[in-house]
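Bear in mind that the values in this text are calculations on the coordinates, not laboratory data. Just so it is clear, the structure is predicted and the values come from calculations on it, not from any experiment. Heads up, the Cβs are rebuilt from the backbone with ideal geometry, glycines too, and the neighbour counts pull from every protein chain shown.
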Amino acid sequence: VQLQAFGGGLVQAGGSLRLSCAASGSIFRFAVMGWNRQAPGKQRELVASITSGGSTNYADFVKGRFTISRDNAKNTVYLQMNSLSPEDTAVYFCRLQFSSIYDYWGQGTLVTVSS
């Protein structure tokens, strides 16, 4: 399984970005997909996740601003990010998890929010 994330960039505070993560292989539709982020000098943290059935989970700091979704036909998971603030500046990683065997990370995409 390979994960390729893209869509990061530079945006002003209050703006929006949409991240995408495309997965190879055939287990995507069965997997839990997640977005995590790591800011400079900080630990990686969960942003949002979505199950194979579409149930979502969000970190408190993004509730109401970010939306995770998936398209199983395209093997792709998305993260729509609205009302961005400088505190959202980080490298964003997608993650694929299936049972206790499969656990893959993408290469990360940098999001920079200017004030």
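Key figures for this structure:
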read-out: Column: log10 I(q)/I(0), Debye, Cα scatterers of segment 31-70, q = 0.23, 0.28, 0.31 Å⁻¹; value: -0.73, -0.95, -1.06
read-out: Mean projected area (nm²) of the alpha-carbon convex hull when segment 9-115 is viewed from all directions; value: 6.6 nm²
read-out: Separation in nanometres of the label points that stand 7 Å from Cα toward Cβ, at K63 and L110; value: 3.2 nm
read-out: Test item: Cα-centred dipole of the chain, Lys/Arg +1 and Asp/Glu -1 on Cβ, debye; value: 140 debye
read-out: S20-Q4 pseudo-label distance in nm [points 7 Å out on the Cα-to-Cβ vector]; value: 1.1 nm
read-out: Translational D in µm²/s for segment 61-115 (Stokes-Einstein at 37 °C, 0.692 mPa s, Kirkwood Rh from C-alpha pairs); value: 253 µm²/s
read-out: Options S85, S20, T109, ranked by Cα towards positive dipole end of the chain, top entry (Cβ charges); value: S20
read-out: Qualifying trypsin sites (Lys or Arg not before Pro) in segment 1-51, DSSP loop, other Cβ atoms within 10 Å at most 11; value: K42
read-out: Extension reserve of the S52-Q80 stretch, reckoned as 0.36 nm per residue once the Cα distance is removed; value: 8.2 nm
read-out: Rounded FRET efficiency, nearest 0.05, which uses the C-beta distance separating D71 from E45 and R0 of 25 Å; value: 0.50
read-out: Segment 62-104, relative contact order in percent, only Cα pairs under 8 angstrom and at least six apart counted; value: 25 percent
